[in-house]
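What follows is a short report on a single structure.
The values are calculated or read from the model by the stated rules, or taken from the named source; none is laboratory data. Everything numeric in this text was worked out from a predicted model, so none of it was measured. Neighbour counts are summed over all protein chains in view; Cβ atoms, including those assigned to glycine, are modelled from backbone coordinates with ideal geometry.
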Amino acid sequence: IINGTVATLNATKHQVSIRRRLNDGYFFGTGHLCGGSLISSDIVLSAAHCFVNYDINTGVFRPAEDYIVVMGNLDRFEQNNTLIYDISKIVYNVSMFNLTTYENDIALVFLNDSVPANYTRSQPISLNTQEVPDNTVCQVTGWGQTENGYLSDVLLTVDVPIINDTACATQTNFATGILRNGMLCAGYPEGQRDACGGDSGGPLVCNNKLAGVVSWGIGCALPNLPGVYTNVSYWSKWIEEHSSVSGGVGK
Ligand code: 4AZ
C-alpha cells in the first residue's frame, strides 16, 4: 500500500495473508505472498494470479498444499492471536486466469476448517453485488510494498475513489494494460495512493462491502495509472455458485 495509514483490526477483520508454505525466499522472505478476504467461515476470496507458478512462468497453478492462510493479525510477524489454516482446495473460473490479460483474476480458497464464529479477530465480509457508483471512496488494505519498495510489517489501509470505466480504459491504454470486463479501477489522477506488489488478492471495500480484489496496475501510485481490481459484483453469481456465499454472509 502506497501512502497508507495503519489499519484497525475492527475495520479489517476479513483480511487474511496468504503465504507460501515453503519459506524458500523466492517471493518474499517471510512467505507472505498475497492478501485475501474471508467471505464465509471457511472460504477466502483472492486473486488467481497469486497461485500461478512464476518460477517457470508457464501459468501453471501451484497445488493448494503449497499455501497457508494466516489471519487475526495486523502485524505480519505476529505469532500470538493468529489462526493458521491449510487449504483444502482452490477453485478458479473455468475460463481460467489469463496471464497476459489478467482476465478472470479470481480464486476461491477453501480452508481445511472453519473459523470459529466466536473468534472476534476474524470475521467474514459481505460481498458487494451491485455496481459501485463512480467516485465512491473505498479502502484497500494489505501488507504489500510501500513507498520504500518493501513489504509493510503492519497492515496498511488507504482510501481510493472508484474511477469511471471509460476514463480508466483510456488511462490504462496509454501503456500496456487493457481494461476488460470484470475489472474495475480506483485511484487518483495524481496517483500517490494505491495498492502495490504483495497487496494482490486483498480487499477493496466500498461502504463496508467487498467490491474489489487487488489484481494489477502499471507500476504503483503513478499519475493517471489507477489500480485495477477484479470486480466482485461481476463475479457474484460465480462466487455464489461455487461457495453458497451470496450478497450476505454465507454458511
Ligand atoms: C502487483 O504486482 C500489483 N497499483 C498489485 C497492484 C497494483 C500494482 C501491482 C496496483 O501485485
Inset, instruction - Kindly indicate whether any position in the stretch 162-171 is of a type outside the set (Gly, Ala, Ser), modelled with pLDDT of 95 or more, away from the ligand (no atom under 14 Å from the Cβ) and assigned to a loop (DSSP other than H, G, I, E, B). - result: no
Legend entry - Output for the stretch 94-111, where each listed residue is out of contact with any His (no Cβ under 7 Å at 6 or more places or on another chain) and modelled with pLDDT of 95 or more: Ile106, Ala107, Val109, Phe110, Leu111
Inset, instruction - Could you figure out which of (1) within 14 Å of the ligand (Cβ to nearest atom); (2) within 17 Å of the chain's Cα centre (by Cα) isn't true of Leu179? - result: (2)
Inset, instruction - Within the stretch 6-22, identify whether any single residue is modelled with pLDDT under 90 and in a loop (DSSP other than H, G, I, E, B), and answer yes or no. - result: yes
Inset, instruction - Report, by residue number, each residue of the stretch 203-237 that is more than 12 Å from the ligand (Cβ to nearest atom) and under 17 Å from His49 (Cβ atoms). - result: Pro203, Asn231, Val232, Tyr234, Trp235
Inset, instruction - Please find, within the stretch 38-53, the residue that is surrounded by the fewest Cβ atoms within 10 Å (Cβ to Cβ) out of those that are within 12 Å of the ligand (Cβ to nearest atom) and of a type in the set (A, V, I, L, M, F, W, C). - result: Val52
Inset, instruction - Could you tell me which residue of the stretch 185-200 is surrounded by the most Cβ atoms within 10 Å (Cβ to Cβ), considering only residues that are under 18 Å from Glu103 (Cα atoms) and more than 7 Å from the ligand (Cβ to nearest atom)? - result: Ala186
Inset, instruction - Would you check if Ala167 is closer than 20 Å to Ile218 by Cβ and in contact (Cβ under 8 Å) with a residue 40 or more places away in the chain? - result: no
Inset, instruction - Provide a single number: the residues in the stretch 144-161 that are in contact with a Gly (Cβ under 6 Å, 6 or more places away or on another chain) and not in a strand (DSSP E or B). - result: 1
